[in-house]
Each structure stands twice: as C-alpha cells, then as structure tokens.
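Note sheet for the following structure.
The values are calculated or read from the model by the stated rules, or taken from the named source; none is laboratory data. What you see is a predicted model; the values in this text were computed from it and never measured. Neighbour counts run over all protein chains shown; Cβ positions are idealised from the backbone, glycine included.
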Amino acid sequence: MKVLNVLPVALLAWLAGCSTQEVPLNDTLPKLTAQALLPAVTANEYCNPQMDSDILFGTGLLMFEDGSRDVAQTCLVMAAPKHPRAFCYLSRMVMQSGDLSKNKDLVFNYTGYAAKQNDWCAEYGMYDMYSSGTLGAKKDAALAMRWLLRSSQHGYPDARKQLIKQYEEQGNLAEAYAWSKFLTDAEDARIGATLEPRMSAAQIAEADKRYNELVPQVASKAALDAEERAEDGARYSAQIYQDYPDTFKGLTSAERYAYMSQSIGDAMDLPFIRNRDHVLIYIVINRAAQLKKPDANIANDQRIVTLIEDKRLTVDETIESGLRVVKTFYR
C-alpha cells in the first residue's frame with residue numbers, strides 16, 4: 001500500500017520535470033527535406049547539374065550579388081542539397097521578390113531548413129523572425145533568444161553583437177563581457193573595453209569563468225576561417241570556371257578544391273596581394289606557371305609581381321600580361 005501511495009507522487013514529479021524541459025530547437029521547426037522544398041529548375045548558360053556543387057554555389061553567389069536573380073536562383077537551387085547556406089540566400093531572394101503574403105511560408109521553410117543544418121546565417125534569420133513575429137513566425141522572445149544564442153555559438157559576428165547588446169540591456173554585464181571576448185574584428189573588440197569599466201572585480205571574474213565555459217561550445221576561429229575560405233574558394237572557382245577555364249585543366253574535382261584552398265591561403269600571406277582581385281590574378285597565373293613547371297611560384301618572379309602591383313591594369317589585362325610572361329619564360 002505504501003508503494004502504491006508513493007508511485008503517483010513520484011510519477012507526478014517526473015512529469016513535472018518533463019514539462020519544463022526545453023524542446024530541442026530543431027524540433028520546433030517543420031520536418032522538411034531539401035527535395036520537398038526546392039523548385040524544379042532547368043540548366044542555363046552558367047549552371048547545370050553536372051557541375052561541381054561548390055562551383056554552382058559560387059556562381060549563385062556571384063549572380064546574386066550582380067542582381068541576376070533568375071540565374072542565381074537556378075544555380076543556388078542546384079547547389080543547395082550540398083550547401084545549406086544556399087537556402088539562406090534563396091530565402092533572401094524570396095524576400096526581395098515582392099509579395100511576401102504569398103511567400104512568407106517559403107521564406108520561413110528555407111530559413112528553417114538551413115538553420116537545422118547549423119547554418120549561422122539561417123539561425124540568425126530565425127531569431128529575426130521570432131523576435132519580430134514576421135514571415136510565418138509567431139512572436140516568441142524566448143525562442144528568438146535561443147536562436148540568437150545558437151547563431152552566436154556557430155560564429156555569426158552580427159549575432160554575437162546583438163547577443164551582447166541584449167545581455168547588457170538585461171544588466172547581465174558578466175555574460176555580455178564573456179561574449180565580447182569572441183569578437184575578432186578590431187573595431188568590434190572595443191565593445192568589451194566599454195563594458196569593463198562598469199564592472200566590479202567579482203563580475204569580471206565571473207565573466208572570465210563564463211568565457212572558459214563557453215569556449216568548447218563556440219566555433220573556433222580556425223573553424224570559422226576554414227568556413228570563410230571554403231566560401232571564398234567557391235566564389236573564386238566559379239569566376240575562374242567561367243572566365244579562365246584552362247586554369248583547372250587536368251585537375252580532378254578533389255585536386256581543384258585542394259589547389260584552390262592552398263592557393264588562397266598562400267596568396268593571402270604575400271605582401272603584394274592587397275585585395276580579392278589580386279588573389280584571383282595570383283591563382284590563375286600561378287596555375288598556368290605550374291602547368292609549365294610544377295615547382296613554379298610566381299611570387300618569386302618580379303616581372304609578374306610588378307604586373308600585379310600595377311594599379312593602371314585591369315584584372316584581365318594583368319592576367320593576360322602575366323600569362324604572356326609564363327608562355328615566354330617558363331619551360
């Protein structure tokens with residue numbers, strides 16, 4: 001009898017604990033597949049299903065930035081199954097298309113699908129929708145805060161700044177200061193400097209402890225750099241594929257990907273490389289040199305370095321002149 005009397009109490013306690021447990025963020029979103037979400041598209045002069053997915057993604061990004069919406073959509077739809085970030089761009093395109101009353105669910109679903117794949121761009125989009133109660137999302141401050149936190153953990157600088165602002169407004173300076181230590185941009189890093197004078201020694205100590213707790217939960221700078229380099233690689237690969245296709249002659253997809261990753265890293269370390277155009281120029285000419293001479297490195301060729309540094313030359317003119325040097329002097 002005593003056991004029978006105790007069991008309902010224990011069961012009620014267990015149920016009470018379950019009722020207060022947070023639902024995993026992914027479980028708050030619709031269960032959708034990429035195939036169910038993506039529209040049917042046909043190949044165009046820039047993109048077709050036989051192309052490598054990173055080149056499709058990069059071409060989509062370039063076309064999106066150029067304002068060629070229809071071409072961008074086709075390329076991004078083809079890339080999306082392997083590149084969740086594409087859904088974030090597709091969502092933006094729908095938002096920019098006009099009548100959101102008919103398309104708000106599509107915006108929500110595109111963003112939600114990418115957010116499920118831990119894409120910080122989409123996670124911030126979920127925060128934005130839940131904080132404002134727009135685009136198919138019911139206003140929910142608590143859920144919005146959870147998405148903001150997750151986007152911050154996965155590395156989005158704007159999410160981190162917004163998170164710090166919210167903690168500061170709540171009076172939680174220790175948490176705000178802890179998160180400020182993850183800001184890598186020099187200007188953004190000053191946020192921490194504005195918080196510290198307003199904090200007691202105990203709050204600073206608490207913030208230091210909290211920072212150490214957060215480190216294993218937050219994407220490392222190395223991981224974020226690798227992610228950025230992969231996206232840069234997609235952009236550069238797409239541009240080179242369209243404008244200088246001979247650059248990738250003889251390379252498998254894996255070899256091309258490895259070459260691009262290495263070349264971007266090498267270029268960024270060179271003193272005469274000062275912008276994105278210079279990186280592109282270096283990649284194209286250096287690959288041409290290596291086709292002639294496998295151990296070639298144009299960084300050691302002052303004739304080509306001088307061309308890259310010449311501000312009077314366009315990108316095409318610099319590449320054309322550099323390729324002439326390679327053709328003439330490399331054996």
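Going through LEU38, LEU90 one at a time, which residue ends up being touching a helix residue (DSSP H, G or I) at 6+ places or on another chain (Cβ under 6 Å), more than 20 Å from SER151 (Cβ to Cβ) and not β-branched (Val, Ile, Thr)?
On the way: LEU90 fails: more than 20 Å from SER151 (Cβ to Cβ).
That would be LEU38, the only listed residue that is touching a helix residue (DSSP H, G or I) at 6+ places or on another chain (Cβ under 6 Å), more than 20 Å from SER151 (Cβ to Cβ) and not β-branched (Val, Ile, Thr).
Please name all residue pairs, on different chains or six or more residues apart, with Cβ atoms under 7 Å, provided the first residue is in the range 197-217 and is at negative phi and the second residue is acidic (Asp, Glu).
Going by the 7 Å Cβ cut-off, the qualifying pairs are ILE204/GLU196; ARG210/GLU175.
Which one of these does ALA289 not meet: (1) closer than 26 Å to LEU76 by Cβ; (2) in a helix (DSSP H, G or I)?
(1)
Answer with yes or no whether LYS138 is assigned to a loop (DSSP other than H, G, I, E, B) and not small (Gly, Ala, Ser).
Yes: the conditions hold for LYS138.
Any residue that is over 13 Å from the mean Cα position of the chain (by Cα) and aliphatic (A, V, I, L, M) - is there at least one of those in the range 106-119? It would help to see each step written out before you state the result.
Kept after step one, since they are over 13 Å from the mean Cα position of the chain (by Cα), are these residues of the range 106-119: 106-113, 116.
Of the ones still in play, those that are also aliphatic (A, V, I, L, M) are 106-107.
Checked against the condition, which is being over 13 Å from the mean Cα position of the chain (by Cα) and aliphatic (A, V, I, L, M), the range 106-119 yields at least one hit.
Just wondering, is there one or more residues in the range 85-95 that are part of a helix (DSSP H, G or I), more than 26 Å from PHE182 (Cα to Cα), among the charged types (D, E, K, R) and more than 17 Å from the chain's Cα centre (by Cα)?
Scanning the range 85-95 turns up no residue that is part of a helix (DSSP H, G or I), more than 26 Å from PHE182 (Cα to Cα), among the charged types (D, E, K, R) and more than 17 Å from the chain's Cα centre (by Cα).
What is the number of the single condition among (1) in a loop (DSSP other than H, G, I, E, B); (2) modelled with pLDDT under 95 that LEU270 does not meet?
The one condition LEU270 does not meet is (2).
For ASP27, which of the numbered conditions (1) in a loop (DSSP other than H, G, I, E, B); (2) at pLDDT 95 or above; (3) exposed (fewer than 11 other Cβ atoms within 10 Å of the Cβ) fails to hold?
For ASP27, the exception is condition (1).
Looking only at residues that are among the small types (Gly, Ala, Ser) and at pLDDT 95 or above in the range 41-67, which one is farthest from the chain's Cα centre (by Cα)?
Restricting to residues being among the small types (Gly, Ala, Ser) and at pLDDT 95 or above, the top hit is ALA43.
Which pairs have Cβ atoms under 7 Å, sit 6 or more apart or on different chains, and link a residue in the range 245-271 that is touching a residue at least 12 places away in the same chain (Cβ under 8 Å) to one that is exposed (fewer than 11 other Cβ atoms within 10 Å of the Cβ)?
none
Identify all residues within the range 137-158 that are more than 20 Å from the chain's Cα centre (by Cα) and touching a residue at least 40 places away in the same chain (Cβ under 8 Å); write none if there are none.
LEU143
Can you tell me which residues in the range 218-229 are surrounded by fewer than 14 Cβ atoms within 10 Å (Cβ to Cβ) and part of a helix (DSSP H, G or I)?
Let us first name the residues in the range 218-229 that are surrounded by fewer than 14 Cβ atoms within 10 Å (Cβ to Cβ), namely 220-223, 225-226, 228.
LYS221, ALA222, ALA223, ASP225, ALA226, GLU228 - these are the residues of the range 218-229 that are surrounded by fewer than 14 Cβ atoms within 10 Å (Cβ to Cβ) and part of a helix (DSSP H, G or I).
Taking the range 274-293 only, how many residues are farther than 21 Å from SER237 by Cβ and free of Cβ contacts under 8 Å to residues at least 24 places away in the same chain?
Narrowing the range 274-293 to residues farther than 21 Å from SER237 by Cβ: 274, 292-293.
Still in the list and also free of Cβ contacts under 8 Å to residues at least 24 places away in the same chain: 274.
So the count comes out to 1.
Given the conditions (1) surrounded by fewer than 23 Cβ atoms within 10 Å (Cβ to Cβ); (2) touching a residue at least 24 places away in the same chain (Cβ under 8 Å); (3) outside any loop (DSSP other than H, G, I, E, B), report the number of the one that ASN118 does not fulfil.
(3)
Residue-wise test of (1) over 22 Å from the mean Cα position of the chain (by Cα); (2) modelled with pLDDT of 95 or more.
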| position | (1), (2) |
| --- | --- |
| LEU173 | yes, yes |
| TRP179 | no, yes |
| LEU183 | no, no |
| GLU187 | no, no |
| ILE191 | yes, no |
| ASP225 | no, no |
| GLN239 | no, yes |
| TYR244 | yes, yes |
| ALA258 | no, no |
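For residues that are under 18 Å from LEU62 (Cβ atoms) and of a type in the set (Phe, Trp, Tyr), tally how many sit in the range 76-111.
Qualifying residue count, the range 76-111: 2.
Is it true that THR252 is exposed (fewer than 14 other Cβ atoms within 10 Å of the Cβ), farther than 28 Å from ALA178 by Cβ and of a type in the set (Val, Ile, Thr)? Before the answer, list the steps.
Values: exposed (fewer than 14 other Cβ atoms within 10 Å of the Cβ): yes; farther than 28 Å from ALA178 by Cβ: yes; of a type in the set (Val, Ile, Thr): yes.
Criteria met by THR252.
Looking only at the range 230-256, which residues are of a type in the set (Lys, Arg) and part of a helix (DSSP H, G or I)?
As a first pass, look at the range 230-256 and keep what is of a type in the set (Lys, Arg): 235, 249, 256.
Passing the criteria: ARG235, ARG256.
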